[in-house]
1. Please list 3J(HN,Hα) in residue order for the range 91-107, calculated via the Karplus relation 6.51 cos²θ - 1.76 cosθ + 1.60 where θ = phi - 60°; whole Hz, with x for glycine and proline.
2. Once phi is turned into θ = phi - 60°, what whole-Hz ³J(HN,Hα) does the Karplus curve with 6.51, -1.76 and 1.60 give for every residue of the range 228-240, x standing for Gly and Pro?
3. Applying 1/(1 + (r/R0)^6) with R0 = 35 Å to the Cβ-Cβ distance of Gln191 and Ile103, what FRET efficiency is obtained, to the nearest 0.05?
4. For the range 151-247, what is the relative contact order in percent, using Cα pairs closer than 8 Å and at least 6 residues apart in sequence?
5. How much length would be gained if the chain were fully extended between Arg177 and Lys12, taking 0.36 nm per residue of separation minus their Cα-Cα distance, in nm to one decimal?
6. Below 8 Å between Cα atoms, with a sequence gap of 6+, how large is the relative contact order for the range 91-255 in percent?
7. Net charge within 9 Å of Leu95 by Cβ-Cβ distance, Lys/Arg positive one each and Asp/Glu negative one each, not counting Leu95 itself?
8. With the crude spin-label approximation of a point 7 Å out along Cα→Cβ, what separation in nm comes out for Arg20 versus Glu141?
Amino acid sequence: MSEVFGLRKERKEMLKELIRKIHKGEDPEKLKTRFKDIFGSVTTTEIAEIEQELIQEGMPREEVMRLCEIHLKVFEEALEKDKVDSQAGHPVTILMSEHKKLIEFSERLKKAVEELKLAGDFEEGEDKLQEIIDIVDHFKEAEKHYLREENVLFPYLEKHGITEPPAIMWMDHDKIRSIKKEIFNMVESFQGFSFENFVNTLLYKAVELGDTMSSHFYKENNILFPMGLHVITEEEWRDIRIQFDEIGYCCFTPPEVLTPVERKK
């Protein structure tokens with residue numbers, strides 16, 4: 001048993017050193033090749049444990065958050081075997097379906113702003129402006145998505161000793177909220193902007209929001225959720241779903257993923 005523990009500890013130290021090299025600026029492609037030669041496979045839980053230990057050892061959480069996506073790219077082939085597989089009605093299925101819809105909204109927002117810009121002024125682009133307002137309403141409604149993660153899923157992960165990944169994801173949530181707030185304020189007071197300033201600034205913010213959400217959802221889909229499926233019990237997932245129902249869903253949550261959960265009598 002001690003020999004197995006020793007091998008696992010040695011493996012973790014080697015993986016930690018690989019991540020340290022990423023943070024020092026070494027070429028991710030070269031590190032990916034080195035990883036495949038030495039390890040061949042890794043799980044989302046291992047990566048999360050390693051990132052957590054690095055933060056506890058003094059690596060700034062912001063730095064881990066900034067380069068988390070690069071970690072995933074280095075390990076992406078090995079993680080293919082650890083993909084999320086959950087059924088309709090499962091909290092992870094619901095969250096991932098909402099991720100997909102939110103990315104669609106971000107693409108629609110960018111396109112609508114580009115078409116408004118081509119219209120030349122607010123009056124000619126009135127229909128596009130209304131479309132932008134409608135999309136913004138969906139982003140406001142999305143707050144329930146983040147609340148379900150922060151108030152329900154994250155505490156269950158922390159209960160199982162997984163503390164740093166949820167903290168990093170919450171930082172992402174706050175960044176997304178900050179960008180959305182700027183967009184909301186702009187759209188609600190568009191009359192106070194010149195047309196050119198409005199469309200150019202809003203387009204920049206729409207792209208920033210889309211890129212930030214895409215990066216964040218990729219990390220959740222490929223690290224946080226698979227890790228949760230490893231450690232959270234079936235009974236706990238049922239409790240999580242019940243609490244999700246109590247918070248409520250977004251107007252755009254696909255109804256087909258909301259299969260009723262079996263409740264204890």
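1. With coefficients 6.51, -1.76 and 1.60, one gets x, 5, 4, 4, 4, 5, 5, 5, 4, 4, 5, 5, 5, 4, 5, 5, 5 Hz.
2. x, 5, 6, 10, 7, 6, 4, 5, 5, 4, 5, 5, 4
3. Efficiency at R0 = 35 Å is approximately 0.70.
4. With pairs under 8 Å counted, the relative contact order is 46 percent.
5. In short, 55.9 nm is gained.
6. 42 percent
7. Details: positive: Arg148; negative: Glu98, Glu149, Glu220.
My count for the surroundings of Leu95 gives -2.
8. With each label point 7 Å from Cα toward Cβ, the separation is 4.9 nm.
Where a number appears in this text, it was derived from the coordinates with a stated rule and is not lab data. Everything quoted here is computed from the prediction, not taken from an experiment. Note that we place each Cβ from the backbone using ideal geometry, even for glycine, and neighbour counts take in every protein chain shown.
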